[in-house]
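Colleague: Below is one structure. I have some questions about it.
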């Protein structure tokens, strides 16, 4: 028996350069970046991708105060995705809804804040917040979302480093096909900019981007790239089995075509292009496709000097020959690296290409690194594609986790 067809019916997001899919997409096509100067405790002003959504749109002030930034982002994106899907959520059995949210890390923000707060009182732990434990458990973003929406089905986060955004959609697809749920809210979120530890960590690795102009700081593939711009954000989707979506007359953004997840098993940080290429090939094979059937490849490239080269080696191995209609782009050049939200946001930015046949570019490439030169690389300006029937989204993470997700144009 063939596995159930799974389709995307709703998208909700907040990114450093947009708080809806329409705004985000328009800024990607217009070359509008969302990086700015940001005050980081103990470190001063650094560059970051900061979201400017309204947290009180779906939460009360006390809920925002008691909860977390990751939970707030999740609630905003989930509510926006539900509204976009047009589903009659109130009539839906809440125990048949699943929430699967990818997250790079969680709890560091709250722990750092609590330690800083009690430092003002000679580290007296009686001033430690009694909300600390529910704020820091790994399932917090999904848990806060379930509380806000009254969902009683499975709700948990998926820790997969910077591959987590893709993993949220992959896991939801699997659960829908297994019949564990009938409706899924899934994707990835990040609150990373609110912890000084991640900035300090990347700085200690000489991997933190600097530039006089914040908008030009994130520059994958450029010779002058010098590191990662850390960002926050989120993108959550509603996924359904095709027959359920059709029965209610839902609009369909695309269909999950294929996916694969593997591990490098070779280094804590340095990516392995051989394993990355294997991940891409397996996803394409699962989709019943060949490389030339993919029309957009969204790269993970974070603008680290070696990481970009390694990924380009992997992409070249798969798409280097015989793929004249394959376009390659990068979304981090606009928004920086949104960690657990990265893959989910990057997919969202490309999905409208099914309708307008336009491929958004990689910006800030003033001098292309020859080692990052790829056939079909879209630089600085959008291009029109002959066709867009399949989008492949790469997301790779520390400790060698790789994820590739393919979304196809929906054809009834």
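The values are calculated or read from the model by the stated rules, or taken from the named source; none is laboratory data. Not measured: the values here are computed from a predicted model. Glycine also receives a Cβ, built like all others from the backbone with ideal geometry; neighbour counts cover every protein chain displayed.
Colleague: Please work out if residue 227 is under 30 Å from residue 379 (Cα atoms) and either within 17 Å of the chain's Cα centre (by Cα) or not assigned by TED's automatic domain parsing to the domain that holds residue 105 (or both).
Modeller: no
Residue by residue, here is whether (1) under 24 Å from residue 341 (Cα atoms); (2) in contact with a helix residue (DSSP H, G or I) (Cβ under 9 Å, 6 or more places away or on another chain) holds:
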| residue | (1), (2) |
| --- | --- |
| 376 | no, yes |
| 380 | yes, no |
| 383 | no, no |
| 387 | no, no |
| 394 | yes, yes |
| 400 | yes, yes |
| 406 | yes, yes |
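Colleague: Kindly evaluate residue 231 against the criterion of being in contact with a helix residue (DSSP H, G or I) (Cβ under 8 Å, 6 or more places away or on another chain), surrounded by fewer than 18 Cβ atoms within 10 Å (Cβ to Cβ) and closer than 30 Å to residue 184 by Cβ.
Modeller: no
Colleague: Could you list, in sequence order, the residues of the range 271-294 that are surrounded by fewer than 24 Cβ atoms within 10 Å (Cβ to Cβ), assigned to a loop (DSSP other than H, G, I, E, B), touching a strand residue (DSSP E or B) at 6+ places or on another chain (Cβ under 8 Å) and at negative phi?
Modeller: 287, 289
Colleague: In the range 196-228, what residues are more than 18 Å from residue 311 (Cα to Cα) and either part of a loop (DSSP other than H, G, I, E, B) or free of Cβ contacts under 8 Å to residues at least 60 places away in the same chain (or both)?
Modeller: Within the range 196-228, 201, 202, 204, 205, 206, 209, 210, 211, 212, 213, 217 meet the criteria.
Colleague: If you check 94, 37, which single one turns out to be loosely packed, with under 15 Cβ neighbours inside 10 Å, within 21 Å of residue 144 (Cα to Cα) and more than 16 Å from the chain's Cα centre (by Cα)? Before you say what the answer is, go through the steps one by one.
Modeller: Numbers: 37 fails: within 21 Å of residue 144 (Cα to Cα).
Within the list 94, 37, the selection yields 94.
Colleague: For residue 186, only one of the following conditions fails: (1) buried (at least 24 other Cβ atoms within 10 Å of the Cβ); (2) at pLDDT 95 or above; (3) part of a loop (DSSP other than H, G, I, E, B). What is its number?
Modeller: Just one mismatch for residue 186, condition (3).
Colleague: If I ask for residues that are in a strand (DSSP E or B) and farther than 18 Å from residue 182 by Cβ, which ones from the range 1-13 would you list?
Modeller: Hits for the range 1-13 are 11, 12, 13.
Colleague: Run down 256, 309, 328, 315 and say which single residue is assigned to a strand (DSSP E or B) and over 30 Å from residue 182 (Cα atoms).
Modeller: 328
Colleague: Is it true that some residue in the range 329-341 is modelled with pLDDT of 95 or more and farther than 30 Å from residue 101 by Cα?
Modeller: Here is the first cut: in the range 329-341, the ones modelled with pLDDT of 95 or more are 329-341.
This time we only want the ones that are farther than 30 Å from residue 101 by Cα, so: none.
No, the range 329-341 contains no residue that is modelled with pLDDT of 95 or more and farther than 30 Å from residue 101 by Cα.
Colleague: Just give me the residues in the range 270-286 being within 19 Å of residue 322 (Cα to Cα) and in contact with a helix residue (DSSP H, G or I) (Cβ under 8 Å, 6 or more places away or on another chain), in sequence order.
Modeller: Listed by number, the residues that qualify are 277, 280, 281, 284.
Here's the yes/no breakdown for (1) outside any loop (DSSP other than H, G, I, E, B); (2) in contact (Cβ under 8 Å) with a residue 24 or more places away in the chain; (3) surrounded by fewer than 24 Cβ atoms within 10 Å (Cβ to Cβ):
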position	(1), (2), (3)
130	no, no, yes
152	no, yes, yes
166	yes, yes, no
175	yes, yes, yes
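Colleague: Hey, another quick one. Among the residues of the range 113-128, count how many are closer than 21 Å to residue 194 by Cβ and either touching a strand residue (DSSP E or B) at 6+ places or on another chain (Cβ under 9 Å) or surrounded by 10 or more Cβ atoms within 10 Å (Cβ to Cβ) (or both). If you could, list the steps in order and put the result at the bottom.
Modeller: Taking the range 113-128 as the starting set, the residues that turn out to be closer than 21 Å to residue 194 by Cβ are 113-120, 127-128.
Narrowing the set further to residues that are either touching a strand residue (DSSP E or B) at 6+ places or on another chain (Cβ under 9 Å) or surrounded by 10 or more Cβ atoms within 10 Å (Cβ to Cβ) (or both) leaves 113-119, 127-128.
Number satisfying all stated conditions: 9.
Colleague: State the number of residues belonging to the range 31-51 that are touching a residue at least 40 places away in the same chain (Cβ under 8 Å) and over 22 Å from residue 360 (Cβ atoms). So that I can check it myself, show each step before the final result.
Modeller: Pass one, the range 31-51, residues touching a residue at least 40 places away in the same chain (Cβ under 8 Å): 31-38, 40-43, 46-51.
Next, only the ones that are over 22 Å from residue 360 (Cβ atoms) stay: 37-38, 40-43, 46.
The total comes to 7.
Colleague: Restricting the range 337-364 to residues that are within 28 Å of residue 171 (Cα to Cα) and over 11 Å from the mean Cα position of the chain (by Cα), which is surrounded by the most Cβ atoms within 10 Å (Cβ to Cβ)?
Modeller: 360
Colleague: Suppose we filter 368, 379 for residues that are surrounded by fewer than 24 Cβ atoms within 10 Å (Cβ to Cβ), under 26 Å from residue 290 (Cβ atoms), at pLDDT 95 or above and not assigned by TED's automatic domain parsing to the domain that holds residue 209; which single one remains?
Modeller: On the way: 368 fails: under 26 Å from residue 290 (Cβ atoms).
Being surrounded by fewer than 24 Cβ atoms within 10 Å (Cβ to Cβ), under 26 Å from residue 290 (Cβ atoms), at pLDDT 95 or above and not assigned by TED's automatic domain parsing to the domain that holds residue 209 holds for just one of 368, 379, which is 379.
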